[in-house]
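Novice: One structure is given below, represented as structure tokens, and several questions about it will come after.
Read the figures in this text as sums done on the coordinates, not as results from a lab. The shown structure was predicted, so the numbers you read here are calculated from the model rather than taken from an experiment. Positions of Cβ are generated from backbone atoms using ideal geometry, with glycine treated the same way; all protein chains shown enter the neighbour counts.
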Amino acid sequence: GDSVTQMEGPVTLSEEAFLTINCTYTATGYPSLFWYVQYPGEGLQLLLKATKADDKGSNKGFEATYRKETTSFHLEKGSVQVSDSAVYFCALSDQGAQKLVFGQGTRLTINP
Amino acid sequence: NAGVMQNPRHLVRRRGQEARLRCSPMKGHSHVYWYRQLPEEGLKFMVYLQKENIIDESGMPKERFSAEFPKEGPSILRIQQVVRGDSAAYFCASSPGTGNSQGGYTFGSGTRLTVV
């Protein structure tokens, strides 16, 4: 079945550092890919998405490129802030399916 | 637009009691999804409903769990005879309709169930 594997956390960085959180997936079809962010005590918020190969999703300085050849959707940000501290989830939705398959999440802590 | 509303935010039940979790989707959304998040884990799909219909319940435990989305009112996730292993955060998401897997979903803030 479909699955998503994320880089294990927790990840701790200093403010203004470069961030990469790795995400790879397995899917039978041509999935749409998502990154969600969960701040403490809150629900998930859609951060960015990509619906086909080579698409780049971007939002709030975060970017991720849909790489079909490596089945990856790594999240990157050039300069992180303390306010980026949260749990980040990579997810996919297979073509024609309505449900999301999530990775296990990566907890990110940014120190000032 | 109030977004996806879940209540209660926190729910404590003793073993053997029933838990009822409610979800009101965003205005104009007719599709509701329930997910469960165990501590330090990702979200796992439970059930997908449209008004008065269960479309996909492949993630629902076979016993004690049920879900509904009536014509009027919120969607309800019901857990009978709760056990400690049911302690988790339960999230509801909604979307406008079919073909929206490409658009992502809007999630509520969740209900955190603790079974004591």
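Novice: Hey, with R₀ at 25 Å, roughly what FRET efficiency would A:E76 and A:D2 work out to, going by the Cβ-Cβ distance, to 0.05? Intermediate results must be reported in sequence, preceding the final value.
Specialist: Numbers: r = 23 Å, r/R0 = 0.94.
So the FRET efficiency works out to roughly 0.60.
Novice: Now for a separate question. Between Rg and the Kirkwood Rh of the range B:1-63, both from Cα atoms, what is the Rg to Rh ratio? Provide the component values of the computation, followed by the final result.
Specialist: On the way: Rg = 13.3 Å, Rh = 13.6 Å.
Value, to two decimals: 0.98.
Novice: Also, I was wondering about something else. Report the full-extension gain for the segment A:Y39 to A:F18: residue separation times 0.36 nm, less the Cα-Cα distance, to one decimal in nm. Don't skip to the answer; put the middle values down first.
Specialist: Details: separation 21, 0.36 × 21 = 7.56 nm, distance 1.98 nm.
Here the answer is 5.6 nm.
Novice: Got the relative contact order for chain B handy, in percent, Cα pairs under 8 Å and 6 or more residues apart? It would help to have the intermediate numbers written out before the result.
Specialist: Numbers: 291 pairs, mean separation 42.5, N = 116.
Taking the mean separation of contacting Cα pairs over the length of chain B, I get 37 percent.
Novice: Based on alpha-carbon centroids, what's the gap between the range A:1-62 and the range B:1-31 in Å, whole number please?
Specialist: 26 Å
Novice: Next question, about the same structure. In the range A:1-35, whose amide N lies under 12 Å from the spot 7 Å out along Cα-to-Cβ of A:A53? List them in ranges.
Specialist: A:30-31
Novice: Would you mind getting me the FRET efficiency between B:T114 and A:T28? Use the beta-carbon distance for r and R0 = 45 Å, nearest 0.05.
Specialist: Working: r = 37 Å, r/R0 = 0.83.
It comes to 0.75.
Novice: Further question on the same structure: Run the numbers for B:R20 and B:N7: contour at 0.36 nm per residue of separation, minus the present Cα-Cα distance, in nm.
Specialist: On the way: separation 13, 0.36 × 13 = 4.68 nm, distance 0.92 nm.
Working it through step by step, the gained length comes to 3.8 nm.
Novice: Normalised by the residues of chain A, what does the relative contact order come to in percent, with Cα pairs under 8 Å and at least six apart?
Specialist: Working: 297 pairs, mean separation 41.4, N = 112.
Result for chain A is 37 percent.
Novice: Any idea what % of Cα-Cα pairs in the protein assembly as shown are farther than 22 Å?
Specialist: 52 percent
Novice: Something else about it: Take the Cβ-Cβ distance between A:V11 and B:L38 as r, set R0 to 30 Å, and report the resulting FRET efficiency rounded to the nearest 0.05.
Specialist: Once rounded, the FRET efficiency stands at 0.90.
Novice: Could you list which residues have their amide H under 5 Å from that of A:H74, counting only those 5 or more apart in sequence or on another chain, with H placed in the peptide plane?
Specialist: A:C23, A:T65
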